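The structure appears below as structure tokens.
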């Protein structure tokens, strides 16, 4: 009778990753895959809560979705950049393609939620300022809004740069066949991605601010 060797005693065995609990802005509990993800989630949450005032449930639920999607971006860029997942398993070309597609789709969803939250907040914050004190308060609020906008620009720029680094990393590791599969057969196509996706997505952050919050400043 052949003895069965427990999985934990087999060569190359790696235990499953421990899950970490985080509490969302709306008070729900969710699990993330590792300590780094937990720290990233908490950092994003603290930043948003410190820079914005969310007073209704719908905004908090939208913020839940936003931070979770940003976590997915963080996870995908980490995996693609290293060429392996948290368990040290090498990503296949197919897996890299799937992650890259997920990055694009998730980035689009993030932009929608951010725009929605910006519009909702601007509508709540639109008041008539009649006194000098109110005018000073308005100036402070505008400065704060611009600071939030600048933080969004920085965050978007970092995310897009990580995507670019991941694409270049996958391109450098691939042969001609694999390059066709991941959608970048030559360096010129990577440059096209910068022109067609990276630059427009970064510029969209500024456009969203100008067309939402800032457009009320002269009214």
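The values are calculated or read from the model by the stated rules, or taken from the named source; none is laboratory data. No experiment lies behind these values; they were computed from the predicted model shown. All Cβ positions, glycine included, derive from the backbone under ideal geometry; neighbour counts span all protein chains shown.
In table form, for the structure just shown:
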{"quantity": "Residue identified as under 30 Å from residue 84 (Cβ atoms), in a helix (DSSP H, G or I) and modelled with pLDDT under 85 among 162, 140, 181, 121", "calculated": "181"}
{"quantity": "Which listed residue is at pLDDT below 80, within 21 Å of residue 52 (Cα to Cα) and buried (at least 16 other Cβ atoms within 10 Å of the Cβ), from 148, 154", "calculated": "148"}
{"quantity": "Residue 169 being at pLDDT 80 or above and surrounded by 15 or more Cβ atoms within 10 Å (Cβ to Cβ)", "calculated": "yes"}
{"quantity": "Residue check for residue 107: at pLDDT 85 or above, under 30 Å from residue 164 (Cβ atoms) and crowded, with 16+ Cβ neighbours inside 10 Å", "calculated": "yes"}
{"quantity": "Residue count, segment 74-94 (criterion: surrounded by fewer than 18 Cβ atoms within 10 Å (Cβ to Cβ), in contact with a helix residue (DSSP H, G or I) (Cβ under 6 Å, 6 or more places away or on another chain) and in a helix (DSSP H, G or I))", "calculated": "2"}
{"quantity": "Every residue from segment 44-56 that is in a helix (DSSP H, G or I) and either at pLDDT 95 or above or touching a helix residue (DSSP H, G or I) at 6+ places or on another chain (Cβ under 9 Å) (or both)", "calculated": "44, 45, 47, 48, 49, 51"}
{"quantity": "Scope segment 20-41; condition in a helix (DSSP H, G or I) and surrounded by 15 or more Cβ atoms within 10 Å (Cβ to Cβ); matching residues", "calculated": "37, 38, 40, 41"}
